[in-house]
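A.B. asks: Pasting a structure below so you can have a look.
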Amino acid sequence: MPPVHTGAPVIPGASTSSSPAPQPLSPGRPGYRRMSLALFAAGLATFALLYSTQALLPAISAGLGVSAGQASWTVSAATGALALFVLPLSALSERFGRTRMMTCSMVIAVGVGLLVPFAPNVEWLVALRAVQGAAIAGVPASAMAYLAEEVRPKALVAAIGLFVAGNSIGGMSGRLVTGWAAQLWGWRAGLLAVALMSLACAVAFLVLLPRARFFRPASLNPRAVGRTVAGHLRDPLLLRLYGIGALFMTVFGAVYTVIGYRLVDEPFSLGQGVIGSIFLIYLVGTVSSAAAGKLVARTGRRGALYLAVTTTALGLLLSLSDSLPAIVLGLVLITAGFFAGHAVASAAVSRTAKTGRAQASALYQSAYYLGSSAGGTLGALAYHSAGWAATVGIALLAVLGVVSITLYGSHAARAERRMPASAVGAR
């Protein structure tokens with residue numbers, strides 16, 4: 001009896017045992033949902049840990065007998081170490097892999113998080129928080145590079161938006177969980193609660209994350225890394241994106257550092273519990289960052305940025321009102337605009353960098369956290385000098401900076417399109 005062929009026809013000379021080439025992840029393909037959930041969990045865990053002491057500073061001051069300035073170092077040490085270590089750790093991820101770097105970073109950050117509640121004094125607490133911030137630095141740049149390599153370009157903004165959404169929920173939950181737990185059982189219990197929550201997220205990340213299929217290890221030669229970084233810093237588009245990220249975070253840092261001062265003062269005189277609940281507005285950022293991909297598909301990158309800055313500016317102007325509902329609506333618009341703009345800019349960095357993507361993303365993260373520090377400092381100085389209107393003025397200047405950079409980018413793109421092909425190729 002002749003054999004029956006039920007499969008596809010065999011092409012002469014082709015190997016029947018070869019497996020198909022791997023395809024980039026995209027919505028509907030196997031692994032995309034697992035990847036999205038894994039990085040969402042990573043963003044939630046790391047940012048919950050990063051800001052875990054911020055809502056507890058008065059309790060830490062009272063519990064350890066230190067000043068507000070000393071207690072504030074428990075936040076500054078973590079964010080400062082992150083900004084300092086994000087670039088060198090991104091270089092290590094180019095050699096040892098994105099998934100390995102993210103895994104090591106999360107294990108160390110969560111492990112230190114379980115030790116933080118038992119710090120005997122403020123010196124130990126600050127030191128542990130610095131180590132934690134340095135460990136967390138391995139996640140953001142490696143995650144962006146992982147997504148740029150593993151995800152289909154058209155789905156990249158949406159994928160990064162989900163990671164940023166995890167960041168927003170992490171930043172919110174880190175403050176809420178610690179605050180409520182501390183109110184019931186003390187500040188050490190608050191820190192332990194957020195560490196246990198982050199441990200659960202880390203386990204989910206390790207179980208769900210698909211292996212990297214397109215990563216190719218690069219050399220750890222410091223000169224080569226230096227040349228890569230220098231090349232990124234000479235790229236006009238990357239520089240514009242770094243500036244946009246820093247300025248957006250300047251707005252956000254100024255607003256959320258100072259808003260508590262305004263709401264505890266007259267005419268509002270709100271309690272600390274109510275003020276802490278303001279961070280629930282971060283959920284708006286979860287939605288806007290996750291929707292950034294669709295926004296870019298409809299309006300283009302620059303169109304999405306214009307919409308983000310317009311939303312942010314309207315929110316800032318609304319916040320000038322003495323009506324509490326108007327202020328809350330203003331914070332909603334500021335948060336939505338910020339997270340959408342951040343998702344668009346960070347995704348554009350990953351798409352623009354053809355080599356050294358981890359370093360490109362690390363430079364963006366460094367600029368981003370520098371913007372946060374500048375916004376918090378300038379916003380607080382402005383408020384204590386001339387009130388909330390001065391803080392809004394600082395934030396609106398940063399918004400104007402984003403508009404100026406985006407307008408310049410639009411002009412540069414039009415000029416390049418008008419250039420002869422030979423001239424463009426020679427650049």
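A.B. asks: Determine if segment 341-356 includes at least one residue that is of a type in the set (Lys, Arg), modelled with pLDDT under 75 and closer than 25 Å to residue 93 by Cβ.
C.D. replies: No, segment 341-356 contains no residue that is of a type in the set (Lys, Arg), modelled with pLDDT under 75 and closer than 25 Å to residue 93 by Cβ.
A.B. asks: Hey, can you tell me all the residues within segment 349-361 that are small (Gly, Ala, Ser) and closer than 10 Å to residue 242 by Cα?
C.D. replies: Correct list: 360, 361.
A.B. asks: Just give me the residues in segment 337-364 being in contact (Cβ under 8 Å) with a residue 24 or more places away in the chain and surrounded by fewer than 24 Cβ atoms within 10 Å (Cβ to Cβ), in sequence order.
C.D. replies: Passing the criteria: 351, 352, 355, 356.
A.B. asks: So, of the residues in segment 95-131 that are of a type in the set (S, T, N, Q), modelled with pLDDT of 90 or more and part of a helix (DSSP H, G or I), which turns out to be farthest from residue 76 (Cα to Cα)?
C.D. replies: Among those that are of a type in the set (S, T, N, Q), modelled with pLDDT of 90 or more and part of a helix (DSSP H, G or I), it is 103.
A.B. asks: Considering segment 278-303 alone, what residues qualify as being of a type outside the set (A, V, I, L, M) and open to solvent by 40 Å² or more (accessible area, probe 1.4 Å)?
C.D. replies: 294, 298, 299, 301, 302
A.B. asks: Within the group 366, 385, 373, which residue is within 29 Å of the chain's Cα centre (by Cα), closer than 30 Å to residue 80 by Cα and modelled with pLDDT of 80 or more?
C.D. replies: Matching residue, one of 366, 385, 373: 366.
A.B. asks: Moving to a separate point now. Identify, from the list 129, 152, the residue that is over 30 Å from residue 29 (Cβ atoms), in contact with a Ser or Thr (Cβ under 6 Å, 6 or more places away or on another chain) and touching a residue at least 40 places away in the same chain (Cβ under 8 Å).
C.D. replies: Of the residues listed, the single one that is over 30 Å from residue 29 (Cβ atoms), in contact with a Ser or Thr (Cβ under 6 Å, 6 or more places away or on another chain) and touching a residue at least 40 places away in the same chain (Cβ under 8 Å) is 129.
A.B. asks: Any residue at all in segment 163-184 that is modelled with pLDDT of 80 or more and either within 19 Å of residue 82 (Cα to Cα) or surrounded by fewer than 18 Cβ atoms within 10 Å (Cβ to Cβ) (or both)?
C.D. replies: Scanning segment 163-184, I find at least one residue that is modelled with pLDDT of 80 or more and either within 19 Å of residue 82 (Cα to Cα) or surrounded by fewer than 18 Cβ atoms within 10 Å (Cβ to Cβ) (or both), so the answer is yes.
A.B. asks: Step by step: first the residues of segment 130-156, then only those that are β-branched (Val, Ile, Thr) and in contact with a Leu (Cβ under 8 Å, 6 or more places away or on another chain), then the one that is surrounded by the most Cβ atoms within 10 Å (Cβ to Cβ). Which residue is that?
C.D. replies: 136
A.B. asks: On to the next question. Here are some conditions: (1) buried (at least 23 other Cβ atoms within 10 Å of the Cβ); (2) of a type in the set (Val, Ile, Thr); (3) closer than 30 Å to residue 88 by Cα. Residue 258 meets all but one. Which one does it not meet?
C.D. replies: So residue 258 meets the others, but not (3).
A.B. asks: Moving to a separate point now. Filter segment 254-280 down to residues that are in contact with a helix residue (DSSP H, G or I) (Cβ under 7 Å, 6 or more places away or on another chain) and among the aromatic types (Phe, Trp, Tyr) and give me whichever is modelled with the highest pLDDT.
C.D. replies: Restricting to residues being in contact with a helix residue (DSSP H, G or I) (Cβ under 7 Å, 6 or more places away or on another chain) and among the aromatic types (Phe, Trp, Tyr), the top hit is 268.
A.B. asks: What pairs come out if I take residues in segment 28-40 that are assigned to a loop (DSSP other than H, G, I, E, B) and pair them with residues that are open to solvent by less than 90 Å² (accessible area, probe 1.4 Å) whose C-beta lies under 6 Å away, six or more apart or interchain?
C.D. replies: That search, which allows pairs on different chains as well, returns 31/25; 31/210.
A.B. asks: Sort out which residues of segment 304-336 are open to solvent by 30 Å² or more (accessible area, probe 1.4 Å), closer than 18 Å to residue 268 by Cα and not hydrophobic (A, V, I, L, M, F, W, C), and write them in order of number.
C.D. replies: 321, 322, 323, 325
A.B. asks: Another question about this same structure. Just to check your reading of the model, which residue among 79, 103 is among the polar types (S, T, N, Q) and either over 15 Å from the mean Cα position of the chain (by Cα) or on the phi > 0 side of the Ramachandran plot (or both)?
C.D. replies: The match here is 103.
A.B. asks: Here's something else I'd like to know. Kindly indicate the residue of segment 52-73 that is assigned to a helix (DSSP H, G or I) and at pLDDT 80 or above and also nearest to residue 230 (Cα to Cα) among those meeting that condition.
C.D. replies: 64
The values are calculated or read from the model by the stated rules, or taken from the named source; none is laboratory data. Note that this is a predicted model, so its numbers are computed, not measured. Here the Cβ is made from the backbone with ideal geometry for all residues, glycine too, and neighbour counts use every protein chain on show. What goes into the accessible areas is simple: the full protein's heavy atoms, side chains included, and nothing from ligands, DNA or RNA. Shrake-Rupley method; radii C 1.70, N 1.55, O 1.52, S 1.80 Å.
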